[in-house]
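The values are calculated or read from the model by the stated rules, or taken from the named source; none is laboratory data. Just so you know, these numbers come straight off a predicted model, no measurement behind them. Glycine also receives a Cβ, built like all others from the backbone with ideal geometry; neighbour counts cover every protein chain displayed.
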Amino acid sequence: MTERSGLLDGDHSEAILAALRSAREQKSAVYIRAGGSKQHIIGRDCAATELDVSAHRGIVDYQPQELVIAARAGTPLSEIVTALAAENQCLPFEPPLFGGKATLGGTLACNLSGPGRPWRGSIRDMVLGVQMINGKCEQLNFGGKVMKNVAGYDVSRLQAGALGTLGVLTEISLKILPRPQKTLTLRYAMPADEAIETMNRCAGKPKPLSGAFWQDETLYLRLSGAASAVDSTALQWGGDTVENDEALWQELREQALPFFAGDEPLWRFSVQSSARLVADFGPMLIDWGGAQRWVRGDHARDQLNSAALDAGGHVSLFRGGDRESELQPPLNTAAQRLQQQLKKSFDPDGIVNPGRLYSWL
Amino acid sequence: MNTAAPSLADSNVEELRRQLRACLAPDCIIEDSESQRPYECDALTLYRDLPLAVVLPENVEQVQQVLQICHSLSVPVVARGAGTGLCAGAMPHPDGVLLSLSKLDRILDIDPLARTARVQPGVSNLSISEAVACHGLYYAPDPSSQIACSIGGNVSENSGGVHCLKYGLTVHNILALKVLTVAGEELTIGSQGLDSPGYDLMALFTGSEGLLGIVTEVTVRLLPAPEIARVVMAGFDSIDAAGDAVGAVIAAGIIPAGLEMMDRLAIQAAEDFAHAGYPREAAAILLCEMDGTHEEVDQHVDEVAQLFEQMGATSIAVSHDEAHRELLWKGRKCAFPAVGRIAPDYYCMDGTIPRGQVTYVLNEIHRLSEHYGLPVANVFHAGDGNLHPLILYDASDPLQIRRVEAFGSEILELSVRVGGCITGEHGVGVEKLGKMPSQFSAAELGQFEDIKYAFDPALNLNPGKGIPILKRCQEYRALPVRHQHD
Ligand SMILES: Cc1cc2nc3c(=O)[nH]c(=O)nc-3n(C[C@H](O)[C@H](O)[C@H](O)COP(=O)(O)OP(=O)(O)OC[C@H]3O[C@@H](n4cnc5c(N)ncnc54)[C@H](O)[C@@H]3O)c2cc1C
């Protein structure tokens, strides 16, 4: 399965398994690729032979009343979003669709979630089960299609952010939610410090807040839910109502705002929502009610790391820069050893996405 | 089941006790079996055993020392929170140390702006919400045992409650953990942000039943307490009708804060116990709670009450004030003890099923109930498909014990057969260990086993619980992990 052409969309798990088996026999490795939308972002560049899994796609089960959808990992998110919209439901974690190229498997592997993440959860929070083929070439099925399952370790959630280094995801089931009845966005002019404080104070109120981001000295607060609750909150909180706000949140989610343009390195801080960032790394965009902050440019890794640590979190090189260097912050020896042992428990010969997450994984 | 003779050499047992005495105060070690009795089981009293020693360390350093001692002597360690578990997860190991975290019961820090609290593992679930109430905040997961159960136990079981359809399980409501590995090494996992670098060890630790490490600190996320909550109670004359009404609420695009179902026997027991005003003659009742702003709760309460009426409800009550709401919930929250009054003992099952299967599954359970000659009361987290059949029996009758176990086992297999799982929130422990192969293939169990080795190569943390160790061919086991880090 090195190329997609000629392959019919559908169940290609046998072909994926065969490809992994042959890689294992030949002591080589594969780089798992589906839509290709994240090949050069988030993770480190991976030199291994490409394994194209994009034909392994299609929704396999969708039961609106169970609030559950299951689809093959290569399914484009846009296809899922369209199917859900027809039933007035949505993916609550608002993932970027990256021009229709983003797939379900890639999104889980990268743990990518949009502006609603602090309130309605991440893809990691919504995943109910996965089917996968690990590096030992075993077809495995964990979790399932029910909301609660505590039998065995939570291997499904472990895939979120693992960047495909534990195996090839083949099918994923997710909890989904109804679309909110109404959405409305309020805008306030204020500096970053004040915005961080305001976002956190508002998030502590029992109001239908569903998004909070700041750029260019402007704070945007999004309300969604029952129309009555949205309207009454908007009345209490004041601010200017943003026209055509859906486009704004979409541009934020898709990283299509001018802030994200160009090739300069893009750094992602994941920190305590209320933390003040002391060091100055130039223009910043603050999302997730303060918990996710973006900066651009060439900065000293040490300075970034220590600023992130002070803020209770971490920083990674999301896009651009040297993608053969470590992109994630260093771990201490004990943590690093555990991560390596965990990797080996799934992929003892290192055949899937070697070095994609850390050079030593 | 009772104390097996320790297989540790007597000299090693003496050495273990000597070293434990050196690091703990005398009243923090319990060695005689009479004083150990309160620790012989968790809330699933069918399974009991006594350890070599019960230890109650007073701080994290002592926990670490206990682990180091046990590690060096290769002695099994079983963690215990409040002992309210329902799968014999905290049952002592006869050759091991029972490590009680109950004295680590301090709330270390509350950050109202960031909406987080840092707490020790022995803190009770409810006391977190009580401590942060003055900031208008609360900790959302609310197991019915919340007065007693510890947050460390909640993390280890990934506990839920009646509000998890809307607010999620423990795994959705914690940010960071401090844990000690089996060798006593300290690790911080998670962060104050919403994710952390590398593999998501938070996901792996949550629900790991004390098999991967000892939790010594938890940072929980807090939510703003809703302005108001109201509950709609409706009676139905068939399980079918009640099941359809649940589907109708979801189809209307409403996510209730809680959505619970009880069947006739449970209704009657709860009503006799709590006098909540439940319709005793109904075949099933639903309790549907809405929370949020005043406006949306009023809107949704009207919609739900109307829906229930359309779906054939035979009676409807809407809470008119907080006291009435609490009364309507009281019956549900006391359902276990209420059922406990109508029989000498009850055995609580915990399968999860796709919601659409509820009628089929409950009918099957009633059929099995007749077959085994044991009555069943059903309490159901209908919103998320988590079923708690309570099988009534008499533990003094060995025959009934065998029947209740066989009946329980059939219910779990039934849950798996309809696309569900053997445990939604109570965990595997000792109790469901033998049922794991009905949900997982040999390769899947092998993967669990390899994960266990990655954290605990000598299998000293809570051995014999949670995941079956298959004792597969040694060569195969040696390949992935076992002997590579010795
Ligand atoms: C009446 C009643 C109602 C209940 N209702 C619910 C409910 O609604 N929802 C629900 O989910 N559960 C419920 N439970 C089950 C139980 O309360 C939960 O599983 C709870 O989380 C157990 O907490 P505990 O502190 O009592 O843990 P324990 O029973 O002491 O231990 C549970 C497991 O966790 C491990 N453990 C404990 N502390 C630690 C630690 N610090 N580090 C590592 N491992 C540790 C133990 O080894 C054991 O395997 C109920 C139980 C009862 C008796």
* To do: Check whether at least one residue in the stretch A:125-138 is outside any loop (DSSP other than H, G, I, E, B), crowded, with 24+ Cβ neighbours inside 10 Å, among the charged types (D, E, K, R) and at the interface with chain B (Cβ under 10 Å from one of its Cβ atoms), and report yes or no.
  => no
* Structure fact -> A careful count of residues in the stretch A:45-62 that are farther than 25 Å from A:S359 by Cα and either touching a residue at least 60 places away in the same chain (Cβ under 8 Å) or assigned to a loop (DSSP other than H, G, I, E, B) (or both) gives 7
* In the list B:A305, B:A317, B:A313, which residue meets the criterion of being surrounded by 23 or more Cβ atoms within 10 Å (Cβ to Cβ), of a type outside the set (F, W, Y) and touching a residue at least 24 places away in the same chain (Cβ under 8 Å)? -> B:A313
* To do: For the stretch B:421-462, name all the residues that are within 16 Å of the ligand (Cβ to nearest atom), surrounded by 19 or more Cβ atoms within 10 Å (Cβ to Cβ) and either of a type in the set (G, A, S) or free of Cβ contacts under 8 Å to residues at least 60 places away in the same chain (or both).
  => B:G424, B:G427, B:G429, B:M436, B:F448
* Asked: Does B:G96 satisfy being at pLDDT 95 or above, under 21 Å from B:G424 (Cβ atoms) and not assigned by TED's automatic domain parsing to the domain that holds B:G168?
  -> no
* May I ask you to list the residues in the stretch B:190-222 that are near the ligand (Cβ under 9 Å from one of its atoms), among the hydrophobic types (A, V, I, L, M, F, W, C) and in contact with a Lys or Arg (Cβ under 7 Å, 6 or more places away or on another chain)? => B:L211
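Yes or no, residue by residue, for (1) within 9 Å of chain B (Cβ to nearest Cβ); (2) over 17 Å from the mean Cα position of the chain (by Cα); (3) in a loop (DSSP other than H, G, I, E, B):
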residue: A:L223; (1), (2), (3): no, yes, no
residue: A:A229; (1), (2), (3): yes, yes, no
residue: A:A234; (1), (2), (3): no, yes, no
residue: A:D263; (1), (2), (3): no, yes, yes
residue: A:R276; (1), (2), (3): no, yes, yes
residue: A:V295; (1), (2), (3): no, yes, no
residue: A:D298; (1), (2), (3): no, yes, yes
residue: A:N305; (1), (2), (3): no, yes, no
residue: A:A308; (1), (2), (3): yes, yes, no
* Structure fact -> How many residues of the stretch B:426-466 are facing chain A (nearest Cβ under 7 Å) and aliphatic (A, V, I, L, M)? The answer is 5
* Are any of the residues in the stretch A:90-105 assigned to a loop (DSSP other than H, G, I, E, B), at pLDDT 95 or above and over 20 Å from the mean Cα position of the chain (by Cα)? -> no
* Structure fact -> If you go through B:L177, B:L187, the only one that is out of contact with any Phe, Trp or Tyr (no Cβ under 8 Å at 6 or more places or on another chain) and within 13 Å of the ligand (Cβ to nearest atom) is B:L187
* Structure fact -> Restricted to the stretch B:64-89 and to residues being under 21 Å from B:L8 (Cβ atoms), of a type in the set (A, V, I, L, M) and within 14 Å of the ligand (Cβ to nearest atom), the residue surrounded by the most Cβ atoms within 10 Å (Cβ to Cβ) is B:V66
* **Residues (near the ligand (Cβ under 8 Å from one of its atoms) and in contact with a helix residue (DSSP H, G or I) (Cβ under 6 Å, 6 or more places away or on another chain)) located in the stretch B:156-169** => B:N158, B:S159
* Hey, which of the helices (runs of 4 or more DSSP H) in the stretch B:114-202, taking only ones fully inside, have at least 3 residues that are within 12 Å of chain A (Cβ to nearest Cβ)? -> B:151-157, B:164-167
* Asked: Is the stretch B:112-122 home to any residue that is near the ligand (Cβ under 8 Å from one of its atoms), more than 22 Å from A:G152 (Cβ to Cβ) and either modelled with pLDDT of 95 or more or crowded, with 21+ Cβ neighbours inside 10 Å (or both)?
  -> yes
